[in-house]
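Asks: A single structure is presented below for examination.
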Amino acid sequence: MSSRAALDHGLAALGLDLPAAARARLLDYCALLLKWNRVYNLTAIRHPEQALTHHLLDSLAVLPWLAGIETLADVGSGGGLPGIALAIARPELAVTSIEAVGKKASFQQQAKIELGLGNLAVVNDRVERVAAGPFDAVISRAFSDLAEFVMLTAHLLRPGGRWLAMKGVYPHDEIGQLPGHVRVVAAHALAVPGLDAERHLIILEGN
């Protein structure tokens, strides 16, 4: 199966209908990520098929829960996931990708240029030093435990904003360690095509 066919199949399984231009740009991003990965060690994944499922489709699985969100900060984004994938899929969404490691931020900046992503901003800094915002939501994918995620990013959220934490198995222990002023408002099990692992989206709000 070609990469385009695999992406089309995966998007259909997720119930997502993206225009042809977005699909092409997603594949271009995936190819760019793997190309730079040979030198910059952006991801442990080396094969296009795995990158498609473990990175692109895994990131895009949260799209249904971004309705109503206009500004999104992606913290600890590494090679740009999920932020760049979401910026491609939702051109009207203003995404700020925050990454402390210089070579990873440099890759993201190059991807922004090559893919023509006018709705993406890349910030090379530690998240606690970033004054940008306020954002409608802050998202993370394997950034830290929930309590640390909330503590380090609270200043980025607008009043009434939400944290979106992408997790593997349901994080019972981490939820138990959340500060009293933060509550779980929703938890969604995600079925990612081709990914034989538990995935969850945990949505948090401050009281």
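The values are calculated or read from the model by the stated rules, or taken from the named source; none is laboratory data. This is a predicted model, so every value here is computed, not measured. Note that we place each Cβ from the backbone using ideal geometry, even for glycine, and neighbour counts take in every protein chain shown.
Asks: For segment 129-169: of the residues being aromatic (Phe, Trp, Tyr) and in contact with a helix residue (DSSP H, G or I) (Cβ under 7 Å, 6 or more places away or on another chain), which is farthest from GLU205 (Cα to Cα)?
Replies: Narrowing segment 129-169 to residues aromatic (Phe, Trp, Tyr): 135, 143, 149, 163.
If we keep only those that are in contact with a helix residue (DSSP H, G or I) (Cβ under 7 Å, 6 or more places away or on another chain) as well, we get 135, 143, 163.
Details: PHE135: 13, PHE143: 18, TRP163: 6 Å.
Out of the qualifying residues, it is PHE143.
Asks: From the set of residues in segment 110-132 that are of a type in the set (Lys, Arg) and more than 19 Å from HIS55 (Cα to Cα), which is surrounded by the most Cβ atoms within 10 Å (Cβ to Cβ)?
Replies: First, pick out the residues of segment 110-132 that are of a type in the set (Lys, Arg): 112, 126, 129.
Applying the additional criterion that residues be more than 19 Å from HIS55 (Cα to Cα) yields 126, 129.
Working: ARG126: 13, ARG129: 9.
Top of the filtered list is ARG126.
Asks: With a cut-off of at least 1 residues that are modelled with pLDDT of 95 or more and more than 24 Å from LYS167 (Cβ to Cβ), name the helices (runs of 4 or more DSSP H) lying wholly within segment 1-74.
Replies: Helices (runs of 4 or more DSSP H) meeting the threshold: 3-14, 20-40.
Asks: Specify which of the listed residues (GLY160, GLY133) is outside any strand (DSSP E or B), at pLDDT below 95, more than 16 Å from the chain's Cα centre (by Cα) and at positive phi. Please lay out each step first, then the result.
Replies: Working: GLY160 fails: outside any strand (DSSP E or B).
Every option except GLY133 fails the conditions.
Asks: Among (1) of a type outside the set (Lys, Arg); (2) surrounded by fewer than 19 Cβ atoms within 10 Å (Cβ to Cβ); (3) within 25 Å of LEU11 (Cβ to Cβ), where does ALA165 come up short?
Replies: All conditions are met except number (2).
Asks: Pick out the one residue from GLY194, GLY168 that is of a type in the set (Gly, Ala, Ser) and out of contact with any strand residue (DSSP E or B) (no Cβ under 9 Å at 6 or more places or on another chain). Please lay out each step first, then the result.
Replies: Working: GLY168 fails: out of contact with any strand residue (DSSP E or B) (no Cβ under 9 Å at 6 or more places or on another chain).
None of the other options fit; the residue is GLY194.
Asks: Sort through PHE149, PHE143, PHE107 and tell me the only one that's in a loop (DSSP other than H, G, I, E, B), buried (at least 19 other Cβ atoms within 10 Å of the Cβ) and in contact (Cβ under 8 Å) with a residue 40 or more places away in the chain. If you could, list the steps in order and put the result at the bottom.
Replies: Working: PHE149 fails: in a loop (DSSP other than H, G, I, E, B); PHE107 fails: in a loop (DSSP other than H, G, I, E, B).
None of the others qualify; the one that does is PHE143.
Asks: Okay, next question. So which of GLU114, GLU70, GLU99 is acidic (Asp, Glu) and out of contact with any Asp or Glu (no Cβ under 8 Å at 6 or more places or on another chain)?
Replies: Values: GLU114 fails: out of contact with any Asp or Glu (no Cβ under 8 Å at 6 or more places or on another chain); GLU70 fails: out of contact with any Asp or Glu (no Cβ under 8 Å at 6 or more places or on another chain).
Of GLU114, GLU70, GLU99, the one residue that is acidic (Asp, Glu) and out of contact with any Asp or Glu (no Cβ under 8 Å at 6 or more places or on another chain) is GLU99.
Asks: If you take the residues of segment 110-123 that are in contact with a strand residue (DSSP E or B) (Cβ under 7 Å, 6 or more places away or on another chain) and outside any helix (DSSP H, G or I), which of them is nearest to ILE84 (Cα to Cα)? Quick ask: steps written out before the conclusion?
Replies: Kept after step one, since they are in contact with a strand residue (DSSP E or B) (Cβ under 7 Å, 6 or more places away or on another chain), are these residues of segment 110-123: 112, 119-123.
The next check asks that each one be outside any helix (DSSP H, G or I); those that pass are 119-123.
Numbers: ASN119: 10, LEU120: 7, ALA121: 10, VAL122: 10, VAL123: 13 Å.
Among residues in segment 110-123 that are in contact with a strand residue (DSSP E or B) (Cβ under 7 Å, 6 or more places away or on another chain) and outside any helix (DSSP H, G or I), the one nearest to ILE84 (Cα to Cα) is LEU120.
Asks: Within segment 184-202, take every residue that is part of a strand (DSSP E or B) and surrounded by 13 or more Cβ atoms within 10 Å (Cβ to Cβ) and give me the one that is farthest from the chain's Cα centre (by Cα). It would help to see each step written out before you state the result.
Replies: If we filter segment 184-202 for residues that are part of a strand (DSSP E or B), which is where we start, we get 184-189, 200-202.
Checking which are surrounded by 13 or more Cβ atoms within 10 Å (Cβ to Cβ) leaves us with 184, 187-188, 200-202.
Working: VAL184: 19, ALA187: 17, HIS188: 16, HIS200: 13, LEU201: 11, ILE202: 13 Å.
Filtering segment 184-202 for residues that are part of a strand (DSSP E or B) and surrounded by 13 or more Cβ atoms within 10 Å (Cβ to Cβ), the one farthest from the chain's Cα centre (by Cα) comes out as VAL184.
Asks: Something else now. What is the number of the single condition among (1) touching a residue at least 12 places away in the same chain (Cβ under 8 Å); (2) closer than 29 Å to LYS103 by Cβ that ARG129 does not meet?
Replies: Just one mismatch for ARG129, condition (1).
Asks: Taking segment 60-104 only, how many residues are among the small types (Gly, Ala, Ser), at negative phi, crowded, with 24+ Cβ neighbours inside 10 Å and touching a strand residue (DSSP E or B) at 6+ places or on another chain (Cβ under 7 Å)?
Replies: 5
Asks: Here is a follow-up. Kindly indicate whether GLU205 is modelled with pLDDT of 95 or more, among the charged types (D, E, K, R) and surrounded by fewer than 17 Cβ atoms within 10 Å (Cβ to Cβ). Even if it seems obvious, please write down each step before you answer.
Replies: Working: modelled with pLDDT of 95 or more: yes; among the charged types (D, E, K, R): yes; surrounded by fewer than 17 Cβ atoms within 10 Å (Cβ to Cβ): yes.
The answer is yes for GLU205.
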